[in-house]
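As C-alpha cells, the structure follows; a few thoughts come after it.
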Amino acid sequence: MKTDDFAYIVETNKTFDNAVVSVLKAVEQKGWTLFQIYDVKERLAAKGFNQRPLKIIEICSGKYANQFLNKNRLISLCMPCKINVLEEDGKIKIIGMKPTMISQFFPEVNKKEAEEVEKDIKEIVDNAK
C-alpha cells in the first residue's frame with residue numbers, strides 16, 4: 001500500500017497557522033461540522049518531546065456519518081474524518097484521509113458511497129490550499 005492509497009496530500013504556500021484557519025473556513029463552507037482540533041506539537045511538548053507543528057482537525061458530515069453507521073456501527077472506528085496540517089521538510093502540507101479506504105474494511109459500504117465522501121474531503125483540502 002502506498003501513501004496515495006489512503007491520503008490526499010497538498011502543499012500550500014500559506015503559513016502553518018493560516019493553513020489551519022483555511023481548513024476551518026473550508027469545512028464551514030462545505031457545511032461539515034468541526035468536532036475537535038488537536039495540537040500534537042503542544043501536547044507532546046508538555047511531555048518533554050519536541051515535534052514540528054502538527055494539528056489534527058476532526059470533522060463530520062451528519063449525512064454521511066448516519067449513512068455509514070446504519071450499515072455497520074464499527075465504522076465509527078474510522079470516524080470522524082480527519083484533516084491534518086503539518087510542517088515537513090520546511091513545507092506546509094494539508095492532508096486528508098481518503099474515505100474510500102472504509103469500503104476496503106467494510107464491504108457493506110460500496111466504493112461509490114465512499115467516493116462521495118472523499119470528493120467532499122478533497123474539495124475541503126483543495127479549497128484550504
Q. Gain in length, R73 to I56, computed as 0.36 nm per residue apart minus the alpha-carbon separation, to one decimal in nm?
A. 3.8 nm
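Work out the FRET efficiency for D126 and R43 from their Cβ-Cβ distance, taking R0 = 25 Å, and round it to the nearest 0.05. Mind dumping the intermediate values first?
On the way: r = 28 Å, r/R0 = 1.13.
Plugging the Cβ-Cβ distance into 1/(1 + (r/R0)^6) gives 0.30.
Among 58-71, 93-106, 33-46, how do they line up from the highest to the lowest mean number of other beta-carbon atoms within 10 Å?
Values: 58-71: 15.8, 93-106: 19.3, 33-46: 13.1.
Result, highest mean first: 93-106, 58-71, 33-46.
Take the alpha carbon atoms of the chain, find their radius of gyration, then divide it by 2.2 N^0.38 Å using N residues; give the quotient.
1.07
Each reported figure results from applying straightforward, stated rules to the coordinates on display, with no laboratory input. Please read all numbers here as calculations on a predicted model, not as lab measurements. Reconstructed Cβ throughout: ideal geometry from the backbone, glycine too, with neighbour counts over all protein chains shown.
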